[in-house]
Each structure stands twice: as C-alpha cells, then as structure tokens.
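Throughout, read-outs are computed from the coordinates displayed, never taken from laboratory work. Predicted model, so just to flag it, every value in this text is computed and none were measured. Using ideal geometry, Cβ is built from the backbone for each residue, glycine included, and neighbour counts are taken over all protein chains shown.
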Amino acid sequence: MADQPFPAYASVVLDLALNKPLDYGIPVELAGKVVPGMRVNVPVRGQQRAATVITVKDTPDYPSVKPITKLLTAEALVTPELFELALWMAKYYCTPLNQVLKIIVPASLRKQTKPKEQLFVMRAKTREEIRTFCQQNRANHAAQALVLDVMLKAKKGILLTALMERAKCSRSPIDSLVKQGFLTVENVRIDRSPLQDEEYFLTQPKQLNREQEEAFAKITGSLDKGQFATHLIQGVTGSGKTEIYMQAIDRALAQGKGSIMLVPEISLTTQMIERFKTRFKDKIAILHHRLSDGERFDGWHKIRSGEAKIVLGARSAIFSPVPNLGLIIVDEEHEHTYKQSEEMPCYQARDLAVVRGKLSHSTVILGSATPSVESFFNAAIGKYTLSTLHNRAEASSIPHVTIVDMRKEYEKAKGLTPFSEALLQGIKKRQAAGEQVILFLNRRGYNTSLVCKQCGQAVKCPHCDVALTFHKGDNILSCHLCGFIMAPPPSECPSCHAPATMKFRGIGTEQIETMLRAILPDIRTLRVDADTTKHKGSHQRLLREFGTGKADVLIGTQMIAKGLHFPEVTLVGVLNSDTGLNIPDFRASETTFQLITQVAGRSGRGIHKGEVIIQTNMPDNSTVQHASRQDFRGFYADEIGLREMFHYPPYTHLAKVVFSGKDQELTVRQAEEFRTVLLQQLPDEYEVHPVLPAGHAKVKDKYRYQFLIKGKNMFGLSRSLESVKNSVKLSSTVKLFIDIDPSSTYF
C-alpha cells in the first residue's frame with residue numbers, strides 16, 4: 001500500500017528521456033478531474049516535471065507514490081483513439097512512448113501557449129444619445145468626441161488598438177467614456193488562423209465524369225456504412241482526383257463526420273488552400289510547419305472542439321484530434337515528405353493514415369498519378385480497392401512528350417549545354433504566343449561544386465562529407481546539409497594548394513536562370529527553390545506572381561513538380577532527368593519515374609495543347625521511357641519483378657539502424673557490437689546486412705555508420721531491437737537512430 005492513500009492513481013509518461021511510466025497519487029482536490037491524455041506537473045527528484053497521463057487506476061504499481069502537483073491542461077490533449085495510435089507507433093517504430101507523444105501533441109500545447117485576447121470596445125448607449133453628447137461636449141472634450149465619432153461608424157464594435165489609432169488618442173478619453181456609461185470594453189479571443197482575414201467566393205461541386213463517378217461510388221460505399229476501407233485512386237495528372245476528394249468530404253460533412261486531408265508540404269500552396277476555402281467556407285483548419293505557435297494552438301483547439309471539421313495539412317496533421325473522424329485522404333501518397341526521417345519515431349504518415357482509419361472505422365483514400373510500389377501492390381493483391389482514372393477531367397489532353405538525347409546536343413554545341421535546341425525553340429515559341437513555361441532541375445545553386453583541375457578534388461564542407469555548392473548571387477560556397485558557408489570561394493586548392501587551378505562544375509537553378517536571361521534578354525523569369533523561399537509566404541507569393549502572368553518561365557526544383565495548376569503553361573522542360581538514377585538506392589528508379597511524370601503533368605492543363613521535353617543522357621533507359629509515356633503500369637511491371645528478385649519492399653520490410661558520433665573508430669566499433677548482439681537474438685528469417693558508412697558518411701562533424709535489416713515481421717524486429725538497446729550500453733557520445741521502413745537505404 002501507499003504511504004498516503006489517494007482517491008485514485010495515475011500512470012504518467014514524463015517528457016524526460018525515461019522509457020517507462022511512473023505512478024502518482026491524485027489528491028482529493030483533483031479527484032475526478034484527471035483523465036488520460038491530460039498534461040500534469042509531477043515531482044521528480046526534487047524538481048517539477050511535465051508529464052502526460054496515460055491511465056487512471058484504483059491502486060498503484062509501487063508501494064510509495066507522491067501526489068500530482070498541478071494540472072497543466074483543463075482537458076485531455078490526447079484522445080483515446082490517438083492513444084491507441086501512439087501505442088502502435090511506439091511498438092512498430094521502436095521508439096519510447098514519451099517521444100511518440102511529443103510528436104502527437106504540438107509544442108505550442110506542451111508549452112502552454114494561451115489563446116490570444118484583445119480588448120474590444122462597444123457602444124453602451126444608442127447612436128442618438130451618443131450624437132447628442134458629441135454636439136454638447138465637442139468643444140470641452142474634443143478627444144472624447146473624436147472617439148465617439150469613430151464608434152458611431154463601427155457596426156458592432158472595434159478593437160481598442162484600432163480605435164486609438166483611428167481616433168489618434170490615448171487610452172484616457174476611452175476610459176472616461178466607459179466610466180460615463182457610453183462605452184464598454186471586453187476581452188475577446190482573437191483567431192490567429194492564417195485564413196482569418198481572407199475572403200473567398202464559394203464555388204459549387206463539378207459534374208463528375210464516368211471514371212470519377214465509379215471511383216466516388218466505391219468510396220461512398222464504405223463511407224456511408226461507417227466501415228474501414230482503403231481506396232487507391234491511380235489517376236493521370238489532371239484527372240480530377242481533387243474533385244473526388246472534395247465531394248467525399250462533402251458526403252462526410254453531411255453525415256456529421258470530420259475529415260483529414262494530407263498533402264505534401266510543398267503542395268500546400270495558396271492554390272490548394274483556395275480550392276478548399278471556396279468550397280467549404282469556415283470549416284477548415286490549416287496545419288503546416290511554417291505556422292506560428294499561436295496559429296497552430298488556435299487551429300488545434302478549433303479541431304478539438306469540432307468547430308473545424310476539415311483538416312488540411314502536411315504529415316503531422318494525421319495526429320489532429322478530429323471528433324467523429326470519418327474520412328482520411330492522402331494526396332500524392334507516393335511523396336517522400338510523408339516520411340519523417342530527421343528524428344524518431346520515423347513514421348510514414350501514409351501508413352499511419354491506414355492504421356488510424358482502422359482504429360476509427362474511417363474510409364481512407366490514397367491518391368496519386370504515380371502511386372508508391374507498395375500501395376499499388378496492396379491494391380493488386382486486393383488489400384486496397386483500386387480506381388483508375390485514365391483521362392484528364394476537363395477539355396485538356398495528355399501533353400505530347402519528346403525525349404532529347406543530350407549527348408548529341410553536346411556534340412552540336414561542342415561542349416556541355418543545359419538547353420537543347422528543341423527546348424530553346426519551344427521557349428521562344430511560347431513567349432511569342434503569350435504562353436508560359438516551367439523548367440525543372442532538381443539542383444539549386446549556381447554550380448554544384450568547385451573542383452581543382454590539378455588534383456581533381458572538390459572543395460568539401462569541413463563538417464560534412466559533401467561538396468560545397470556555389471551561389472553566385474551571394475558569392476559563397478554553401479553546404480546544403482549543415483549550412484556552413486565559405487566566402488569568398490578560394491582561388492587556391494585547399495587539398496593540394498595549387499594556385500589558380502579551381503574550376504566550377506555542375507549546373508543549378510540559379511545558373512539556369514542566368515543563362516536563359518543571357519540567351520533571351522527580354523524573358524521574364526521566376527525561380528522557386530530553397531534559396532528563394534526562405535521567408536514565410538515567399539513560396540506562395542512567387543507562385544501567385546507566376547499564376548497572374550508576371551513571368552514567362554518558372555524555374556525550380558521539386559517544389560514545382562506537383563500540386564500546381566497553371567492553365568497557361570504549355571511547355572515543361574525536364575533538365576538532367578536521369579541524375580537520380582545514379583544514386584545507389586533501391587528506390588532510385590521509382591523516385592525518378594515519379595518526379596518526371598509529376599512535373600510533366602504541369603503542362604497543357606488549360607485549353608491549349610501541352611508539350612514536355614525530357615533532356616537525358618540515357619534516352620533508352622526504361623524508367624525514362626515509361627515516364628515519357630506516363631505509363632505507370634509498364635513501370636510497375638518492370639519494377640515489381642526486380643523488387644521480388646532482390647527481396648525488397650513490398651515483398652519484405654526494411655529497417656535501417658544508424659550510429660553517429662564524433663569519434664569515428666568508437667562509432668563503427670559500437671555499431672559492430674550492436675549488430676553482433678542483434679544477430680544472436682534475431683530468428684533466421686531476418687537478413688542482417690554488414691555495417692557500412694552511410695550515404696553521407698559525415699554530417700555536422702559526426703561520422704555515420706549503418707546496417708540494414710530485412711524481414712517480414714516488423715513488430716518482432718522492434719522487440720529484438722528494444723532488447724538489444726537495453727543490453728548494449730552505448731557511449732553517451734554515440735547516438736543510435738532506428739528507421740523502420742526507410743524511404744532511402746542510401747542517405
């Protein structure tokens with residue numbers, strides 16, 4: 001028994017790195033108020049620590065417990081359904097529950113961000129009484145009369161700050177009018193939603209074509225019954241998948257159900273938000289990484305209260321506390337940004353959408369022109385319901401595609417050139433016709449490296465195993481992994497110290513823009529990459545400028561490859577389309593196919609016929625050929641055979657175990673020790689690869705080593721990994737990172 005009896009007890013998970021729950025007593029004054037999912041303060045070794053309640057029970061598991069000190073929230077921040085999801089994630093992704101809960105509960109709520117309140121001033125007397133007062137007192141109380149002049153024009157009232165600004169006065173005359181009974185001042189909660197001050201014209205649902213109708217009927221079949229089912233829509237770019245999503249959301253709303261729609265972060269543009277706001281008015285909450293803590297706090301509470309029944313957001317929106325959830329949509333489900341790869345748990349939001357759908361008996365829709373091999377495999381074996389959209393939804397047709405062999409272009413130009421003759425002529429033709437062009441190159445910067453002609457070494461980052469990229473606008477060499485900057489670029493080789501032997505190599509988006517302007521001086525260009533979109537709202541601003549015709553050519557990285565609808569774009573140029581095929585990763589072909597197909601789909605979405613020019617050094621490569629025809633089925637048939645032959649997903653699961661530390665020898669030694677112990681515990685059906693340097697073998701002064709594990713049962717693997725973590729004591733200077741179902745085996 002406990003030293004001090006309590007009415008009830010709570011098991012809590014601390015925010016600290018302690019991988020087990022602790023029991024605390026619930027004091028009499030808090031009896032009945034503590035529920036699972038609530039945040040509390042508890043004493044730990046003489047200090048107050050924040051924790052999350054996971055269960056409330058009648059007896060503790062320990063003989064002596066201390067009391068909960070304080071409630072940090074008035075309600076549960078983690079719903080029972082999300083608790084189930086958190087427990088599943090902790091087991092599957094081999095991550096302590098406290099780390100999982102940190103992902104599920106936004107930092108703004110953990111930090112106890114408060115609602116934003118401002119003072120709101122309203123009239124306390126009739127307009128006639130106020131006018132009479134102004135006439136009688138304007139001479140003696142001019143400041144008060146000016147305040148009342150503003151209040152007479154206000155419909156219901158006005159914020160105090162706005163009133164002081166318009167009346168050009170201090171707080172004093174307003175306080176005097178409150179004392180005299182002419183005005184009242186109240187605290188009002190301010191909605192910090194990024195859409196709060198935006199105005200949109202409502203639009204009506206579009207008429208679905210036959211293929212869309214068939215897909216919609218399958219979806220509503222499970223939605224109307226409240227049954228869990230996963231639907232995969234494989235539709236060519238521009239086939240009207242978004243219209244199906246919105247009509248499904250409408251159906252869910254009519255049933256009183258909430259919806260979550262996930263889109264890749266780079267697709268969460270003004271265009272996408274406008275499409276949803278014009279259809280659903282005030283029922284939407286937007287969630288993405290560039291929101292302030294206050295905006296995220298307000299959005300979360302609108303969702304939790306049921307005020308916002310639709311959530312539109314990036315991967316973390318899958319954790320939204322939507323009451324009566326009925327529909328989950330994952331647009332561009334193949335996108336690698338749905339995978340969390342920077343910290344544990346390394347969850348895949350697409351997979352969590354399916355798990356959460358099962359827990360909440362919701363309908364799940366996965367959509368893409370180029371589905372992931374795993375998702376299409378699940379559809380092929382009947383686990384998912386497949387719908388295929390072969391044609392574009394409106395008058396536009398699939399663009400004509402030309403593959404240009406750049407080896408021949410280099411011969412004609414007597415050297416390297418980023419533009420083929422066909423592409424330059426195509427750009428000139430569109431400029432003359434008043435149409436627009438998109439040029440895609442998945443490399444930012446001006447040059448990708450600075451190389452010594454004598455020793456052949458590139459100038460590398462001193463902290464990472466990567467060549468520095470040249471940015472001409474700032475005249476710097478920059479590391480795209482850690483942010484290191486070298487300015488100005490050296491004229492002497494840092495490796496062999498040979499003078500005046502340095503040569504820039506490789507082409508990035510910055511150089512493409514400069515070269516295009518040199519060839520066509522009157523061309524208007526916009527560039528969208530990580531360098532031009534550093535500031536909040538810059539991505540949306542640039543795309544809005546292009547959409548309103550302020551540029552002829554949009555140049556960019558994968559930020560422009562998907563989710564954009566510009567009817568005036570009739571030409572897309574894909575530069576260096578095959579560079580991704582050279583990466584030693586089992587997903588290299590899949591990623592390249594998806595990128596080419598997606599960016600090609602930006603062309604010809606209006607009334608004019610579209611064209612795509614794919615420049616490549618590998619014109620006969622099957623991946624490039626399939627992408628040029630938007631032939632997903634042909635690509636899948638080739639790829640699935642290779643996956644089966646080499647035992648890669650979807651025929652097996654992968655886990656990547658990464659070790660990083662500043663001491664290279666210690667890091668590799670501990671990686672080997674961990675692997676040896678794991679081999680002793682794992683059953684024979686698991687295949688454990690040897691320890692090797694990671695794709696980026698050194699990042700931020702830390703050496704990185706990894707090994708891969710193949711197996712069919714990830715829960716069994718996670719149990720073994722957890723056991724080895726407890727038995728092998730790693731140095732405090734070596735960090736262990738476990739990535740279940742990694743998006744890449746290389747990086």
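Order of 535-544, 202-211, 128-137 by packing, highest average Cβ count within 10 Å first?
Top to bottom by mean Cβ count within 10 Å: 535-544, 128-137, 202-211.
Going by Cβ distance under 4.7 Å, what cysteines of the chain have no possible disulfide partner?
94, 134, 169, 346, 482
How would you order 702-710, 162-170 from highest to lowest mean count of nearby Cβ atoms within 10 Å?
Numbers: 702-710: 21.0, 162-170: 15.4.
Descending packing order for the listed peptides: 702-710, 162-170.
Would you list which aspartates and glutamates come within 20 Å of residue 57, measuring only between C-alpha atoms, while excluding same-chain residues fewer than 8 positions from it?
In chain and number order, the partners are 3, 23, 29, 75, 81, 84.
Relative contact order of the chain, please, whole-number percent, based on alpha carbon pairs below 8 angstrom and at least 6 residues apart. Intermediate results must be reported in sequence, preceding the final value.
Working: 1462 pairs, mean separation 81.5, N = 747.
Across the chain, relative contact order equals 11 percent.
Restricting the count to DSSP beta bridges whose residues both fall in the range 210-389, what percent are antiparallel, rounded to a multiple of 5?
Counting DSSP beta bridges with both partners in the range 210-389, the antiparallel share is about 5 percent.
Given H placed 1.01 Å from N in the peptide plane, which residues other than close sequence neighbours of residue 159 have an amide H under 5 Å from its amide H?
121
Rank by packing, highest mean first: peptides 58-67, 36-45, 148-157, with packing defined as the count of other Cβ atoms within 10 Å averaged across residues. Can you show the working numbers first?
Values: 58-67: 13.0, 36-45: 17.8, 148-157: 14.6.
Sorting 58-67, 36-45, 148-157 by mean packing, highest first, produces 36-45, 148-157, 58-67.
What nm distance separates the two modelled labels at residue 171 and residue 75, each placed 7 Å from Cα along Cα→Cβ?
Placing both labels 7 Å beyond Cα along the Cβ direction yields 3.1 nm.
Bin by bin, in steps of 20 Å, what percent of the Cα pairs in the chain do you find, going until the bin that has the longest distance?
It works out to 14, 41, 33, 11, 1, in whole percents.
Give the relative contact order (percent, whole number) for the range 461-558; include only Cα pairs under 8 Å separated by 6+ residues.
17 percent
Output the pairs from 168/302; 453/534; 503/702; 102/358 with a Cα-Cα distance over 26 Å in this structure; if there are none, say none.
Details: 168/302 35 Å; 453/534 34 Å; 503/702 29 Å; 102/358 23 Å.
Too far apart for the 26 Å limit: 168/302; 453/534; 503/702.
If you put +1 on each Lys and Arg Cβ and -1 on each Asp and Glu Cβ, how big is the dipole of the chain around its Cα centre, in Debye rounded to 20?
Charge dipole, the chain, about its Cα centre: 1840 debye, nearest 20.
Among DSSP beta bridges lying fully in the chain, give the percent that are antiparallel, nearest 5.
Roughly 55 percent of the beta bridges in the chain run antiparallel, per DSSP.
Per DSSP H run of at least 4 residues, take -39500 (n - 2.57); add these up for the chain, divide by its residues and hand me the 222 nm value, nearest 500 deg cm²/dmol.
Numbers: 22 runs with 246 residues, N = 747.
Per the formula, -10000 deg cm²/dmol.
Which residues' amide hydrogens lie under 5 Å from the amide hydrogen of residue 605, considering only partners 5 or more residues apart or on another chain, with H built in the peptide plane?
569
Tell me which aspartates and glutamates have Cα within less than 15 Å of residue 91's Cα, excluding those fewer than 8 residues away on the same chain?
By straight Cα distance, residue 91 reaches 351, 722, 739, 741.
Relative to a virtual label point 7 Å from the Cα of residue 184 in the Cα→beta-carbon direction, which members of the range 122-156 show backbone nitrogen distances below 15 Å?
The answer is 122-127, 156, whose backbone nitrogens lie closer than 15 Å to the label point.
Only Cα pairs under 8 Å and at least 6 apart count here; give the relative contact order of the range 653-740 as a rounded whole percent. Walk me through the intermediate numbers first.
Numbers: 136 pairs, mean separation 42.4, N = 88.
The value is 48 percent.
On a straight-distance basis, which aspartates and glutamates could pair with residue 241 in a cross-link, Cα separation under 19 angstrom, same-chain partners fewer than 8 positions away excluded?
Of all the aspartates and glutamates, those that pass the test against residue 241 - Cα under 19 Å, at least 8 places apart if same chain - are 211, 213, 214, 250, 265, 274, 331, 332, 333, 335, 394, 631.
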